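Each reported figure results from applying straightforward, stated rules to the coordinates on display, with no laboratory input. Quick caveat: nothing in here was measured; it's all calculated off a predicted structure. Note that each Cβ is placed from the backbone with ideal geometry, even for glycine, and that neighbours are counted across all protein chains shown.
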Amino acid sequence: MTKSHRVSARAVVIHQNKLLLNEFGGGLYYNLPGGGVEAGELIKEAILREVMEETGLKVEVGKMLYVLEYEPVYCDNLHGETPRICIAFECTLKGDANIKTPTVPDKNPDNPAIISKPVWMPVENLKNIEYVPYIHNNLMAFIETGVFEPSFLSEPLSN
């Protein structure tokens, strides 16, 4: 039986030379704020909701940066058995940059003891952290040049 794809939305928020990230397990790995699009919800609405839930921050959704496809059968179930399509957008901070700790942090589905904490990561530190999914090269190119042509990526990314 084929599983249906889960659609998620992610925000790329850069403010004062820092990138907004969710830190898991005290720095074990990081990902962009965002999550699943709920029934009856537009993708851009999901980004606004997820960023608010995970960080307490308000953003404005801008241009689409990339679509990332995860198909478990091609990735040895690297991130579980559910196929996913993730759409990421460049977002702009609205209001103050003071992160509010979420009342219900995200958990790693494979290990619920690993929970998330929102952080502003200085751009100069990005080369030293682990991203899930691995989009490091694409993010660094965007941050360094400000140019990110809409692109289609698949995971795991091959170099």
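Determine, from the Cβ-Cβ distance of Ile99 and Glu45 and an R0 of 22 Å, the FRET efficiency 1/(1 + (r/R0)^6), rounded to the nearest 0.05. Could the numbers behind the result be given before it?
Numbers: r = 21 Å, r/R0 = 0.96.
Taking R0 as 22 Å, the efficiency between Ile99 and Glu45 is 0.55.
Spin-label model, Ile85/Val132: points 7 Å from Cα along the beta carbon direction are separated by 2.4 nm.
Starting from the Cα gyration tensor of the range 2-54, take the square roots of the eigenvalues, sort them a ≥ b ≥ c, and report rounded, prolate or oblate (rounded when a/c is under 1.5, otherwise prolate if a/b is larger than b/c, else oblate).
Details: a/c = 2.63, a/b = 1.49, b/c = 1.77.
It comes out oblate by the Cα gyration axes.
When the chain is fully extended, how far beyond the present Cα-Cα distance does Glu53 get from Asn125, taking 0.36 nm per residue of separation?
Working: separation 72, 0.36 × 72 = 25.92 nm, distance 2.49 nm.
Between Glu53 and Asn125, full extension yields 23.4 nm more.
In plain terms, the chain from Glu38 to Asn108 could stretch by 23.3 nm, reckoned as 0.36 nm per residue minus the Cα-Cα distance.
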